[in-house]
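The values are calculated or read from the model by the stated rules, or taken from the named source; none is laboratory data. Predicted model, so just to flag it, every value in this text is computed and none were measured. Neighbour counts run over all protein chains shown; Cβ positions are idealised from the backbone, glycine included. These accessible areas exclude ligands, DNA and RNA; they are computed on the full protein's heavy atoms, side chains included. Shrake-Rupley method; radii C 1.70, N 1.55, O 1.52, S 1.80 Å.
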Amino acid sequence: MAMHRTRLFVACAAVTGVLSLVSLVAPALAFNDVKAGTPYARAIEALKNRGVIEGYGDGSFKPSLTVNRAEFLKIVLGSRGGTFAGARCFPDVRDEWFAPYICTAKEEGIVGGYPDGTFRPERTINFVEASKILSLAFKQEMQGYSADWYEPYVRALEGSKAIPPSIAGLEQAVSRGEMAEMMWRLTEGVTDQSTKGFLNVKYPEVEVNLALDTPQRAKSCADLQAFAEEAANTYPSGRYKVMEDLAVPTMAPMAGTVQQEANFDEGYSQTNVQVEGVDEADIVKTDGTYLYVVQDSTIRIVKAHPAESLALTGTIDLTDESFSPSELYLDGNQLVVLSSGWKEYPVGILQKIGVSPYRPSTQRTSVRIYDVTDHVHPSLERTLVFDGSLVSSRRIGEQVYLVMNQGMDYPIVRPMPTAADLLPRFDDSATGAKDAAVARCADVTIIPHIPQPQYLVVSVVPLGSSAGEVKSTVVVGSADNIYASEENLYVANAEWTYVWDGKGASSEKTSLYRFAFTDDGASLQAQGSVPGSILNQFSMDEHEQAFRIATTKGDLWNEENPATNNLYVLNRDLTVAGSLEGLAPGEKIYSARFLGDRAYLVTFKNTDPLFVLDLSEPRTPKILGKLKIPGYSDYLHPYDANHILGFGKEAVEDKSNDFAWYQGMKVALFDVTDPANPQEVSKVVIGDRGTNSPLLSNHKALLFDRERNLLAFPVEVYEISESEKTSGSAASTYGEPVYQGAYVYDI
């Protein structure tokens, strides 16, 4: 924010009711109606001492009187100093005393007048008009876009903590005391005074202060109703609107792929997971004897051991259901099926409120728990259905944790809706619950300053009992990725802020929430953020009470905002304790892996730099070594303490165009025994340009068995013909598909 000190002010001609400027040489005199207990006395005295304001001839200031548009504009512009000129810039602004100020403001784009072309200088200024003038005159940062013209300006004042607590409505007339308070905060950078948020002003019934920087509990359903109405206003459709889910659901792996990691004590493989002891949902699960496989709308139960007895023993057919199965968990004899679907609201209800042409719907997440003791005829024990799209899930012991996003519903019930009208709902076959709110309004945590708020729901489903209580934690926030240890759940959400600076710009950060796993479910313990955005769940890690995260900030091809890569170490309260910034400028992170006191990052634009980072001192992470080779790795997997496997693409650099053409799939083995000098000790390139594998975007597609030196993954191979190779085919040439199946390697 640009700061402007007062340089020179000349007393204006006496005009009845006009608040004037005074020369700096005038002595600072106290106003006889401004005492210690007068609202905004500190601001009034500070501006008077700077020569910005003076009072009336009787020595009073009259802080409660309103200000007209001409007065307000003159004082604001005059406080910046400079020269002012112009006349006849509006039909009702000609050669009056205020004309130079108004015409200068019009020239700078601070004011534009009313739709009929007039300025109406005599009209009392209201809060939203004052917000625009102050924000533009003092060069506040404008963020985002809104259907309401005033929102960016009021949001800018909110960001500067400059909205006085006495402002109780958007069109409230601004008093002289409030004017002085806002000017003082903006010119002096004062941020420690009581303030309000945009939604507090727009919805005076909101009880929580949305200008605060710390999470707060909703006081009542009225607090949440304001968010719901604002969502409907931002995404209007008649009188009823359900926000589109903003996060992209986790992509399910391709059906039929091998998705396991070796577990040799049990003699069979399991899902390749990020954290030992934290299971991840998969399209294939096994207990060593039976396979449970998602295929289209059917769960197939296959007896796989012994091999000579291979047979399909049973199926769970969900063809006639409104939900499509996506992933599974297996816990003893309990099979958990995760599904997604849509629910449409009854047309009759909508017709009653006048929006029959629109049929809103909401995405829903289903959890079905089956007893598979009888593999021929499995029995359904429990069905749970939640409003919201599933971001991701984890299983720890006999608890399944679901992380879901749900847009906010514009409430039908008036004037005061209930939790069931506002919050996400759920059904439970075990308790008979139907469209029950997942929480009470007063249990919802509001995260401040979320650009596009929706409901973030963390639900805990017990597996040990068929009727155990489902516990849900609700936050006004959002999620697009998660990381879970055995003690904590970390939720990450990328937020892009669009700033209008004459040409438009954007910045990005990742908001973070830490939920602790407790007997009562998942409890929100901390909230923070780091610059940039993450690639996937492997960009995050917890180690010895510290949370580590790798981000990319900026754009790969933007010279004005080039990409840089960064690593941050955060405390339990999610404040940054250490950082390593500016890695590989002009490139972006393609893969990341944290292993104990080390981190491995792969960045790429032309070549593949593998960075080895030392995190043994959390406050001072540092680079131990790096290796530059052609190609890149999309996924890194530990082989042992000193070797890393990389799965990605080979690449050919195009020096004339400053980028590289990716080629066939590349599998590499890196030796990091000497971290200062990492080496690529072995590699194999599969096929030509076009070759791909689900493993490059889904780590669950990997089978790795170190004791048996076994490595396997699905792949689709593309090859260029011999004639094209002989003729020196360009690096941009795609091959033709020649094979689809699994590649199995001996390491």
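Quick notes
- E45, E736, ranked by accessible area, largest first (probe 1.4 Å): E736, E45
- Helix 99-108 axis, angle to the chain major axis (alpha carbon atoms, nearest 10°): 10 degrees
- Amide hydrogen proximity for V391: with H placed 1.01 Å from N in the peptide plane, the residues at 5 or more positions away or on another chain lying under 5 Å are V403, M404, N405.
- Accessible surface for the chain, divided over its residues, is 43 Å² per residue with a 1.4 Å probe.
- With DNA, RNA and ligands ignored, accessible area of Y292 (1.4 Å probe; Å², nearest 10): 0 Å²
- Computed magnitude of the charge dipole of the chain (debye, nearest 20; Cβ of K, R +1, Cβ of D, E -1): 3020 debye
- Taking all protein chains together, W661, W557 sort by accessible area into W557, W661, largest first [probe 1.4 Å].
- Given K285/K683; K434/K509; K196/K219; K139/K605, the pairs whose alpha carbons are separated by over 27 Å: K285/K683; K434/K509; K139/K605
- Amide H contacts of S326 (H built 1.01 Å from N, in plane; Pro and chain starts excluded): L338, S339, S340 sit under 5 Å, all sequence-distant by 5 or more or on other chains.
- Nearest-ten-degree value, helix 176-188 long axis tilted from longest Cα axis of the chain: 50 degrees
- Rounded if a/c under 1.5, otherwise prolate or oblate - region 42-196, Cα gyration tensor axes: oblate
- Probe 1.4 Å - accessible area at R708, Å² to nearest ten: 150 Å²
- With a simple spin-label model that places each label point 7 Å from the Cα along the Cα-to-Cβ direction, the separation between E469 and V684 comes to 5.4 nm.
- Rounded to the nearest 10 Å², the accessible area of W342 at probe 1.4 Å: 150 Å²
- Between helix 69-80 and the chain: long-axis angle, C-alpha atoms, 0 to 90°, nearest 10: 80 degrees
- Shape category assigned to region 669-747 from the gyration tensor of Cα positions, a/c cut at 1.5: oblate
- CD proxy at 222 nm, helix term only [per DSSP H run n ≥ 4: -39500 (n - 2.57); per residue of the chain; nearest 500]: -3500 deg cm²/dmol
- Taking only protein heavy atoms and a 1.4 Å probe, the accessible area of the chain is 49% carbon and sulfur.
- A Stokes-Einstein calculation at 20 °C with viscosity 1.002 mPa s, built on the Kirkwood radius of region 401-484 over Cα pairs, returns a diffusion coefficient of 154 µm²/s.
- The H on the amide N of I163, modeled in the peptide plane, is under 5 Å from the matching H of K196, each at least 5 residues off or on a different chain.
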